[in-house]
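One structure below.
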Amino acid sequence: MLMKLCIAAAVALGCTLAVPGASFAQGDKDKSAASTAAEPNRVDVEYAPPKSSAHDALYRLVQELNLLEKTRDLLAPLRLPRRLLLTTTGCDGEVNAWYDDGVITVCYEYLDWVWQSVPQQATPDGIAPDGIAPIDALVGPIYQIILHEAGHAMFDLLNIPIFGNEENDADQFSAFFLLQAGKEDARRLIGGAAYQYRSGVQSANQNITTKRLADVHATMGQRFFNILCLAYGANDELFKDIVANGDLPKERAEDCSDEYAHVAYAFNTLIGPHIDRELAAKLHKSWLPPINSQPPHRPAALGTRAPN
Ligand SMILES: [Zn+2]
């Protein structure tokens, strides 16, 4: 913000960038002094009672799955300068999730949008006809969105520089986190998150409105390929089937190891110094419900539309 003001002032008042640059550096010094007081275990959770009784079942479901508590535990090793609250709440019909000023808000409407895509039928092994486990189709996208918002939170609280589109960076932060789970969970989480994005991958003739193309978020189709590419780049053996079955085109797959390496380097360089390694080593690598857990059926009366 300070830099922006100075660029405006440089035009109006002839101020040079050298001066604000110096004050910017001073500001950073102040912040790094403050960050010495940063501490781990600064994440809180709150499931706000829904405003609409239509979300009562969902309210119970997310608590039974301990979704916020598990995300809190994942983020606990990060040394933060202030507390971060993860909350679910009713948003008066808005299908959304966001981060603002130390609070991550996930709307019950967004969670319901995920729930409505969950396959209703599965084999005793827990796999639906289209190859996804219903429990993964539910929890994968939910962890993805909470960790996406956690990415925004870390960029803000830890003063992480952004050299591009912050929404894409938040997606990469989230995917990188999911990929640090044990192999089986990483596969299930990525599979679930990609399942939600798959609806954005249609025929080559699909129409995408100009408004959607101008949106700060990538399209669902792009986010589908981006998350698959990072997964394949992280472990081409574990995810080789997504190239073999054509989900990830070979042309994109060729450079995915580079894409993953860039994200890993950025994470380790920029976020790594803020991680309490002792605490992180105690994190359990398995945090998903058994694959054959069948999520409860979604009440049919709910009518949630996809987010923009
Ligand atoms: Zn975002």
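The values are calculated or read from the model by the stated rules, or taken from the named source; none is laboratory data. Bear in mind the structure is a predicted one, so any value in this text is a computation, not a measurement. Neighbour counts are summed over all protein chains in view; Cβ atoms, including those assigned to glycine, are modelled from backbone coordinates with ideal geometry.
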Evaluation of residue 175 against (1) in contact with a Lys or Arg (Cβ under 9 Å, 6 or more places away or on another chain); (2) within 14 Å of the ligand (Cβ to nearest atom); (3) touching a residue at least 60 places away in the same chain (Cβ under 8 Å) (one fails), failing number: (1)
Return a yes/no flag: does the range 138-159 have any residue that is within 16 Å of the ligand (Cβ to nearest atom) and among the acidic types (Asp, Glu). yes
Do we find that residue 198 is in contact (Cβ under 8 Å) with a residue 12 or more places away in the chain, within 16 Å of the ligand (Cβ to nearest atom), surrounded by fewer than 23 Cβ atoms within 10 Å (Cβ to Cβ) and farther than 28 Å from residue 158 by Cβ in this structure? no
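Is it true that residue 142 is at pLDDT 95 or above, of a type outside the set (S, T, N, Q), in a helix (DSSP H, G or I) and closer than 26 Å to residue 125 by Cβ? Show your work before the answer.
Values: at pLDDT 95 or above: yes; of a type outside the set (S, T, N, Q): yes; in a helix (DSSP H, G or I): yes; closer than 26 Å to residue 125 by Cβ: yes.
Here the answer is yes, as residue 142 does meet what is asked.
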Scanning the range 215-235 for residues that are within 16 Å of the ligand (Cβ to nearest atom) and surrounded by fewer than 22 Cβ atoms within 10 Å (Cβ to Cβ) gives 215, 216, 217, 218, 219, 220, 222, 226
In the range 253-283, anything modelled with pLDDT under 95 and in contact with an Asp or Glu (Cβ under 9 Å, 6 or more places away or on another chain) is listed as 283
Looking only at strands (runs of 3 or more DSSP E) that lie completely in the range 36-126, which have at least 1 residues being within 16 Å of the ligand (Cβ to nearest atom) and among the acidic types (Asp, Glu)? 97-100
